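Dropping the structure in here first, questions after.
The values are calculated or read from the model by the stated rules, or taken from the named source; none is laboratory data. Everything numeric here is computed off the predicted structure, so don't read it as measured data. We place every Cβ from the backbone using ideal geometry, glycine too, and count neighbours over all the protein chains shown.
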Amino acid sequence: MSAVSPRIPITFAPEGVTVRVESGTTVADAAKAAGIVIASPCGGRGVCGSCGVRVLSGTLGEPDHIELSGLARAREGVRLACRARVVAPVEVRPLIAQPRARATGPADPGGAKPALVAGVDLGTTSVAAVLIDARTRVEIARSSVPNLQHPLGADVLTRISAALDGEGARLQTMAEQSVLDALSACAIQADVSLSGVKRLVIAGNSAMSALLSGIDTRPLAAHPFTAPAIPRTLKSKLLSDALHSGAEILVVPAIASFVGGDALAGLVATGMTTSGAAVLLVDLGTNAEILFARPGRLVVASAAAGPAFEGAGISCGGPAADGAVSTVSVAPDGRVGLEVMGGGEPLWFSGSGVVSALAALLRVGHLDASGLMHAEGPLEARYLVDERGVAGLALGEGGGLVITQLDVRSVQLAKAAIHVGIESVLRIASCRASELAEVLVAGAFGFSLLPADLVELGVLPMESLAIARRVGNSSLDGSGALALDKKLTDQAERIAASAEHLELAGPAGFSEAFLAAMALEPYSLE
């Protein structure tokens with residue numbers, strides 16, 4: 001009879017959560033058991049260096065050759081959670097992590113439960129939820145948690161590929177759990193029970209909605225791309241068991257292939273299709289969506305921007321939560337100002353913080369229009385080059401927060417995709433930029449991002465500077481509105497049916513336009 005292997009404790013700071021695992025378990029698998037989400041954009045292959053953890057005490061097993069190679073993208077003194085293995089008692093702190101919320105029980109066992117409805121924005125990087133009192137029509141809580149699908153890829157294409165390789169059921173479960181985690185965080189915040197939720201509406205991009213619904217993702221896997229036939233009603237035992245008995249769970253339909261229900265919910269939230277003016281909506285997500293509306297015309301497109309605008313895929317990036325740097329300033333004398341969400345210690349850059357940092361570095365000359373970093377400037381003493389030749393600038397005290405040359409390139413790829421998307425949509429719509437009455441900037445990063453920074457970096461055209469308005473997470477606001485008012489569902493479907501879809505990569509000259517749009521400089525469409 002073989003002896004049972006003793007389990008080894010691993011503790012995750014700052015939560016202080018300890019789990020016991022078998023020797024040889026990866027830190028990433030231990031984190032899952034602890035309910036700690038650690039981002040892994042490469043799907044756990046050890047090549048992106050983004051799932052770093054710092055060892056606070058104890059030791060981890062020796063790194064293998066894959067981890068040593070992957071650490072080229074990681075900060076000094078860290079290990080990769082997807083490769084490092086537990087061999088002795090150890091305490092680690094993930095560089096970027098967020099604990100999963102736990103479902104709450106009834107908060108008012110002796111009184112009447114409030115009648116609730118809920119909306120969810122099922123994003124590629126993060127999942128946001130809002131709880132609304134159905135009687136008063138007042139929002140009582142909103143929250144955001146990481147999308148648990150992240151270990152299987154940072155973007156929709158890698159997750160579609162994973163689904164086609166047999167991971168569909170796992171991705172569906174991860175999506176359901178992510179939705180429940182976001183709702184549970186709201187319930188904890190409002191001190192209510194999810195059993196009071198009688199109607200839930202979920203909006204996501206086409207891939208996220210298809211994976212959540214457990215349907216075939218092949219329509220999104222090869223050209224010509226088509227919108228998947230997403231069922232209106234979601235059948236999920238996990239969610240149904242947590243909500244009110246008989247609760248209605250709906251998924252917002254997609255408009256086109258990669259223009260999903262999140263875009264449709266955003267149209268509902270902003271009312272741009274009924275404004276009577278020419279309006280442009282730019283949703284800066286991992287799968288960015290660009291929508292133009294004026295009376296009698298609706299043109300939509302999607303751009304594979306990557307997760308940079310959501311703070312992911314960035315060496316010191318993370319979610320828009322307490323501890324995130326939202327705004328950066330650099331004075332001519334080298335003083336650096338960091339505005340931190342929650343007012344505490346700066347821990348990482350949110351998407352808006354990354355954009356703000358690049359705009360600030362551009363102004364003082366540490367960045368040029370090509371995206372190349374320079375040592376010369378007020379922050380010369382903070383200029384770093386690691387042993388692999390990757391340049392960076394330390395913006396936090398002690399060198400803990402760094403913007404690297406690779407981060408700049410990630411933002412350039414994202415901004416180029418959106419730049420070309422805006423230009424293409426307006427051209428097809430036969431609308432000059434000067435004719436726009438309003439440019440709405442949406443995204444889960446919140447209201448910290450400054451339109452002036454987007455114009456300076458060349459994300460939005462110069463003509464939008466005076467008319468740009470931040471609308472926050474319009475997908476979440478729209479899903480909440482749809483949950484509250486059933487009549488809006490029919491209206492949304494009529495809007496979707498009227499849309500003209502533009503496939504950005506199809507037209508000749510796209511590659512040339514994309515490369516030209518990489519420059520970090522203002523541009524005009526006039």
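Which residues, counting only those in the stretch 330-363, are β-branched (Val, Ile, Thr) and either in contact with an Asp or Glu (Cβ under 6 Å, 6 or more places away or on another chain) or within 18 Å of Leu406 (Cα to Cα) (or both)? Steps first, answer last, please.
Narrowing the stretch 330-363 to residues β-branched (Val, Ile, Thr): 330, 336, 340, 354-355.
Residues satisfying the conditions are Val354, Val355.
Further, regarding this structure: Identify, please: which residue in the stretch 323-354 is acidic (Asp, Glu) and at pLDDT 90 or above and is, among those, surrounded by the fewest Cβ atoms within 10 Å (Cβ to Cβ)? First the steps, then the outcome.
Quick first cut of the stretch 323-354, residues acidic (Asp, Glu) only: 333, 339, 345.
From what's left, at pLDDT 90 or above: 333, 339.
On the way: Asp333: 6, Glu339: 16.
If we take residues in the stretch 323-354 being acidic (Asp, Glu) and at pLDDT 90 or above, then Asp333 is surrounded by the fewest Cβ atoms within 10 Å (Cβ to Cβ).
Something else about it: Quick check on the stretch 364-376. Is at least one of its residues more than 17 Å from Gln405 (Cβ to Cβ) and not in a strand (DSSP E or B)?
no
So the check is Cβ under 8 Å with 6+ separation or different chains; which pairs have a first residue in the stretch 224-237 that's surrounded by fewer than 14 Cβ atoms within 10 Å (Cβ to Cβ) and a second one that's part of a loop (DSSP other than H, G, I, E, B) and among the aromatic types (Phe, Trp, Tyr)?
From the stretch 224-237, no pairs qualify.
Looking at Ile160, Ile140, can you tell me which residue is touching a residue at least 24 places away in the same chain (Cβ under 8 Å), of a type in the set (Val, Ile, Thr) and more than 21 Å from Leu211 (Cβ to Cβ)?
Ile140
For the stretch 147-157, check the following and say yes or no: at least one residue is farther than 18 Å from Cys51 by Cβ, of a type in the set (A, V, I, L, M) and modelled with pLDDT under 90.
Within the stretch 147-157, one or more residues are farther than 18 Å from Cys51 by Cβ, of a type in the set (A, V, I, L, M) and modelled with pLDDT under 90.
Report, by residue number, each residue of the stretch 316-350 that is among the aliphatic types (A, V, I, L, M) and over 18 Å from His366 (Cα atoms).
Residues satisfying the conditions are Ala320, Ala321, Ala324, Val325, Val340, Met341, Leu347.
Taking Ile403, is it buried (at least 21 other Cβ atoms within 10 Å of the Cβ) and under 18 Å from the mean Cα position of the chain (by Cα)?
Values: buried (at least 21 other Cβ atoms within 10 Å of the Cβ): yes; under 18 Å from the mean Cα position of the chain (by Cα): no.
No, not satisfied.
Another question about this same structure. How many of the residues making up the stretch 314-341 are under 19 Å from the mean Cα position of the chain (by Cα) and in a loop (DSSP other than H, G, I, E, B)?
9
Name the residues in the stretch 418-446 that are outside any helix (DSSP H, G or I) and without any contact (Cβ under 8 Å) to a residue 12 or more places away in the chain, would you? Please lay out each step first, then the result.
Taking the stretch 418-446 as the starting set, the residues that turn out to be outside any helix (DSSP H, G or I) are 429-432, 436-446.
Scanning the stretch 418-446 gives a single hit, Ser430.
I'd like to verify a number: residues in the stretch 38-74 that are modelled with pLDDT under 85, assigned to a loop (DSSP other than H, G, I, E, B) and of a type outside the set (Ser, Thr, Tyr), how many?
So the count comes out to 12.
Could you check how many residues of the stretch 272-322 are in contact with a strand residue (DSSP E or B) (Cβ under 9 Å, 6 or more places away or on another chain), at pLDDT 85 or above and not aliphatic (A, V, I, L, M)?
Of the residues in that region, 7 qualify.
Within the stretch 396-417, track down each residue that is over 15 Å from Val355 (Cβ atoms), in contact (Cβ under 8 Å) with a residue 60 or more places away in the chain and in a helix (DSSP H, G or I).
Leu406
Let me ask something additional. Taking only the stretch 1-37 into account, find how many residues are of a type in the set (A, V, I, L, M, F, W, C), out of contact with any Ser or Thr (no Cβ under 9 Å at 6 or more places or on another chain) and at pLDDT 70 or above.
Here the count works out to 6.
Here are some residues: Leu122, Leu80. Which one is of a type outside the set (Ser, Thr, Tyr), buried (at least 24 other Cβ atoms within 10 Å of the Cβ) and modelled with pLDDT of 95 or more?
Of Leu122, Leu80, the one residue that is of a type outside the set (Ser, Thr, Tyr), buried (at least 24 other Cβ atoms within 10 Å of the Cβ) and modelled with pLDDT of 95 or more is Leu122.
Of the numbered conditions (1) in a strand (DSSP E or B); (2) within 14 Å of Ser326 (Cα to Cα); (3) in contact with a His (Cβ under 9 Å, 6 or more places away or on another chain), Leu393 fails exactly one; give the number of that condition.
(2)
Residue-by-condition table, conditions (1) part of a helix (DSSP H, G or I); (2) surrounded by 15 or more Cβ atoms within 10 Å (Cβ to Cβ); (3) within 22 Å of the chain's Cα centre (by Cα); (4) modelled with pLDDT of 95 or more:
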{"position": "Met174", "(1), (2), (3), (4)": "yes, yes, yes, yes"}
{"position": "Ser184", "(1), (2), (3), (4)": "yes, yes, yes, no"}
{"position": "Ser209", "(1), (2), (3), (4)": "yes, yes, yes, yes"}
{"position": "Pro219", "(1), (2), (3), (4)": "yes, yes, no, no"}
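Taking the stated definitions as given, is Ala442 within 21 Å of the chain's Cα centre (by Cα) and among the small types (Gly, Ala, Ser)?
Against the criterion (within 21 Å of the chain's Cα centre (by Cα) and among the small types (Gly, Ala, Ser)), Ala442 qualifies.
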